[in-house]
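What follows is a short report on a single structure.
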Amino acid sequence: MSTSPSDIPTLFDLYSSGAIKEEGSGARYGVDEAIIKRVSIWRGDITKLEADMIVNAANSSLLGGGGVDGAIHRAAGGELLDECEGLGGAKTGETKITKGYKLPSKWVAHTVGPIYSSSRKEKCAEQLKSCYSTSLELCKSHGGGSIGFSSISTGVYGYPIKDATRIALDTTRRFLENDDTVTRVIYVVFSAKDEEVYKSLAPEYFPPSAGN
């Protein structure tokens with residue numbers, strides 16, 4: 001059974017219900033009620049998300065792998081692999097798009113996150129930012145609407161979850177301030193621990209409105 005973005009609470013809803021509490025005064029951006037109504041944090045199965053686009057944390061071959069990548073390929077069916085075989089792979093930080101096939105999402109953006117190394121911290125950050133920004137741009141250029149992100153590079157690629165989440169939130173905030181075609185950004189997390197990281201950092205980038 002698929003889940004529609006309309007069934008998922010926004011940050012505005014989470015602030016209103018007390019599910020996210022603002023701690024301290026570390027907001028990096030101003031309050032924008034319209035923007036916090038366009039962002040969600042959801043612990044669920046990205047292959048069940050009925051979004052206009054979902055973002056797959058792919059490897060450079062784009063031919064499937066373990067974790068979320070493998071799950072997306074299995075759920076989409078063999079036609080996804082057939083299309084991916086014609087894409088010629090992708091570089092780190094690059095994103096390529098396919099149809100969703102048997103998935104409830106219309107499109108799949110396959111983005112290649114960096115394999116984290118502390119000695120290449122700045123380069124890794126630049127590449128991860130590119131994963132998010134190029135995926136958002138592809139969503140925009142393919143009609144906008146809702147986009148669901150897996151937590152890129154935080155699994156076997158070893159990117160520290162807090163650092164990766166900050167990049168995800170910051171890149172999204174910058175994009176949404178200059179775009180109104182992407183109507184919902186959903187951060188899809190697998191574990192309760194990762195969900196709490198997103199919830200704890202969200203107020204810095206998407207502070208609640210006075211009404212919350």
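Where does helix 192-205 land angle-wise versus the long Cα axis of the chain, in degrees 0 to 90, nearest 10?
60 degrees
Count the net charge of all other residues whose Cβ sits under 14 Å from the Cβ of Ser6, scoring Lys and Arg as +1 and Asp and Glu as -1.
Here the charged neighbours net out to -1.
Quick one: work out the % antiparallel among DSSP beta bridges in region 1-117, nearest 5.
DSSP beta bridges in region 1-117 are roughly 40 percent antiparallel.
Tell me, what HN-Hα J-couplings in whole Hz come from the Karplus equation 6.51 cos²θ - 1.76 cosθ + 1.60 at θ = phi - 60° for each residue of region 40-54, using x for Gly and Pro?
Coupling constants for region 40-54: 9, 10, 9, 8, x, 9, 4, 6, 9, 7, 8, 9, 5, 8, 10 Hz.
Given labels modelled 7 Å from the Cα in the Cβ direction, how far is it in nm from Asp180 to Ser141?
2.3 nm
If we count every other residue with Cβ under 11 angstrom of Ile54's Cβ, Lys/Arg +1 and Asp/Glu -1, where does the sum land?
-1
Taking the chain as a Gaussian network, Cα atoms linked when under 10 Å apart, which of Ser135, Ser117, Ser151 shows the biggest mean-square fluctuation?
Judging by the Gaussian network model, the answer is Ser117.
For region 165-211, which GluC sites (Glu not before Pro) are both in a DSSP coil and crowded by at most 16 other Cβ atoms within 10 Å?
Listed in order of number, the matching sites are Glu177.
Quick check: net charge around Ala210, other residues with Cβ under 13 Å of its Cβ, Lys/Arg +1 and Asp/Glu -1?
-3
Any chance you could give the angle, 0 to 90 degrees and rounded to 10, that helix 121-141 forms with the longest Cα principal axis of the chain?
80 degrees
Take a quick pass over region 82-126 and tell me how many lysine pairs come in under 25 angstrom between Cα atoms, counting only ones 8 or more apart or on separate chains.
Count of close lysine pairs: 7.
Just checking my list (1) 0.93; (2) 0.95; (3) 0.99 against Rg/Rh (Cα atoms, Kirkwood Rh) computed from this structure; which label fits?
Only one option fits the structure, namely (2).
When the helix-only estimate is applied to the chain (DSSP H runs of n ≥ 4, each -39,500 (n - 2.57), divided by the residue count), what is the mean residue ellipticity at 222 nm, nearest 500 deg cm²/dmol?
Helices in the chain give a 222 nm mean residue ellipticity of -11500 deg cm²/dmol.
Which residue, Ala58, Ala19, Ala164, has the most motion in a Gaussian network model of the chain that connects Cα atoms within less than 10 Å?
Most flexible of the set in this elastic network: Ala19.
Which residue, Arg166, Arg120, Arg174, tops the fluctuation ranking in a GNM of the chain built on C-alpha contacts under 10 Å?
Arg120
Normalising by the residue count of the chain, find the relative contact order in percent from Cα pairs under 8 Å and 6+ residues apart.
Relative CO of the chain lands at 30 percent.
Take the alpha carbon atoms of region 1-18, find their center, do the same for region 43-65, and report the distance between the two centers in whole angstrom.
20 Å
How many percent of Cα pairs in region 78-147 exceed 13 Å?
Of the Cα pairs, 67 percent sit more than 13 Å apart.
Once you put a point 7 Å from the Cα of Leu63 and another 7 Å from the Cα of Lys21, both along the Cβ direction, what distance in nm separates them?
About 5.1 nm separates the two model spin labels.
Where a Cα-Cα gap under 17 Å defines reach, which lysines qualify for Lys199, not counting those fewer than 8 residues away within the same chain?
Within the straight-line cut-off, Lys199 pairs with Lys21, Lys37, Lys162.
Taking amide hydrogens as modeled 1.01 Å from N in the peptide plane, which residues meet the under 5 Å criterion relative to Ser146, leaving out close sequence neighbours?
Asp52, Met53, Thr183, Arg184
Would you please give the residues with an amide H less than 5 Å from that of His110, counting only those at least 5 places away or on a separate chain, with H modeled from the backbone geometry?
Asn56, Lys96, Ile97, Thr98
Bear in mind that the values in this text are calculations on the coordinates, not laboratory data. Treat the numbers as computed from the prediction; the structure is a model and nothing was measured. Heads up, the Cβs are rebuilt from the backbone with ideal geometry, glycines too, and the neighbour counts pull from every protein chain shown.
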